[in-house]
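Read through the structure below, which is laid out as structure tokens, and then see the notes.
The values are calculated or read from the model by the stated rules, or taken from the named source; none is laboratory data. All figures in this text were calculated on a predicted structure; none of them were measured in a lab. We place every Cβ from the backbone using ideal geometry, glycine too, and count neighbours over all the protein chains shown. In case anyone asks, the SASA skips ligands and DNA or RNA and just uses the protein heavy atoms, side chains included. Shrake-Rupley method; radii C 1.70, N 1.55, O 1.52, S 1.80 Å.
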Amino acid sequence: MNTNVIGYEEVYNLDKVRRNIDTEGYFLGTIANIEEFSKLDVTRQISLELIYETLIEEQLDILPKLVKTSSGITVANLSRELLHEPVVIFHKQPAVDKTSSNMRYALLIAKVSAMMAKIDGSIKYQELQQVRDSIRGLTFLTSSEKDFVLMRALYWLFSRYSIEDLIEEIESLNSVAKLQIVTIAKDIAISDAEIAKNEVQILRELYRSAEIPTKKVVRDLKALAKHKNIAIAGAKSRLTNSDIIEFEVDDSLDKLLDDFSDF
């Protein structure tokens, strides 16, 4: 299917949202897509409180996270608002250790995967499927950890955070961290058994940031695919723990995950 994933004009009631979550594992849309919330002014505290209490009652959670503080409900995203912000709604999840090496690594994969998938400016079903397969193929995660990472990958996929924002953040990292980002991006680029022009474009920016000659990008991707027995332009594959180079995430990369601190 080659259409956009979110129908911004379509309206669902909460019953349909719940059915969608039961079937797909999540609901993608905006607050305005939900009938019971569609008339709310989400810049007002009273509206955020209504959304928060309704989701609690329904045993649902949302990204960007709504956090209850002594001064009211806070939206845990970069803009601190829900206005025109795509949301992911899903069943309440069990607690996971967000500070573990595996989780930090998986969240980095999620963030870079999401940025690479939306480089052309729109999200299609096949790009959504590729990100889902990438996360579900990470067999070093438990089932609940995969769900935790997947919801956050979906949020980044539809958020207003861009590849330009990511590149800007990467510019301030040390050389080890930059190389780790390049490694993750190369694994993602070949995971669907093809070398896409937009992914080559991103990798050139990452190479430039890491002070690696940009003319090596395509050659490096082909060599990596050959090493991992991935036939480029062949059948779809999944990114698994045997396909990626595992490493201890450099501490400076934590700043890329700060956005998840309230999640």
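Quick check, is S175 among the hydroxyl-bearing types (S, T, Y), out of contact with any strand residue (DSSP E or B) (no Cβ under 8 Å at 6 or more places or on another chain), open to solvent by 30 Å² or more (accessible area, probe 1.4 Å) and modelled with pLDDT of 90 or more? So S175 does not fit the description; no. When Y125 is tested against (1) among the aromatic types (F, W, Y); (2) closer than 16 Å to G29 by Cα; (3) surrounded by 20 or more Cβ atoms within 10 Å (Cβ to Cβ), only condition (3) is not met.
Would you say K222 is over 17 Å from the mean Cα position of the chain (by Cα) and at pLDDT 85 or above? I'd like the intermediate steps shown before the answer.
Values: over 17 Å from the mean Cα position of the chain (by Cα): yes; at pLDDT 85 or above: yes.
Judged against the criteria, K222 is a match.
Here is a yes/no grid of residues against (1) more than 17 Å from the chain's Cα centre (by Cα); (2) at pLDDT 85 or above; (3) of a type outside the set (D, E, K, R):
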{"position": "I167", "(1), (2), (3)": "no, no, yes"}
{"position": "Q180", "(1), (2), (3)": "yes, yes, yes"}
{"position": "A185", "(1), (2), (3)": "no, yes, yes"}
{"position": "A189", "(1), (2), (3)": "no, yes, yes"}
{"position": "A193", "(1), (2), (3)": "yes, no, yes"}
{"position": "I202", "(1), (2), (3)": "no, yes, yes"}
{"position": "L206", "(1), (2), (3)": "yes, yes, yes"}
{"position": "I212", "(1), (2), (3)": "yes, yes, yes"}
{"position": "K216", "(1), (2), (3)": "yes, yes, no"}
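Determine whether E127 is among the acidic types (D, E) and modelled with pLDDT of 85 or more. When the stated conditions are applied, E127 does not pass them.
Restricting to segment 120-141, name every residue that is farther than 15 Å from S191 by Cβ and either free of Cβ contacts under 8 Å to residues at least 24 places away in the same chain or assigned to a helix (DSSP H, G or I) (or both). Selection gives G121, Y125.
Among the candidates E168, E194, the residue that is assigned to a helix (DSSP H, G or I) and farther than 21 Å from L63 by Cβ is uniquely E168. Evaluated against (1) touching a residue at least 12 places away in the same chain (Cβ under 8 Å); (2) open to solvent by 10 Å² or more (accessible area, probe 1.4 Å), E164 falls short on exactly one condition, (1).
Condition first: open to solvent by 30 Å² or more (accessible area, probe 1.4 Å), farther than 20 Å from D187 by Cβ and part of a helix (DSSP H, G or I). Now tell me which residues in segment 142-161 satisfy that. Listed by number, the residues that qualify are S143, S144, D147.
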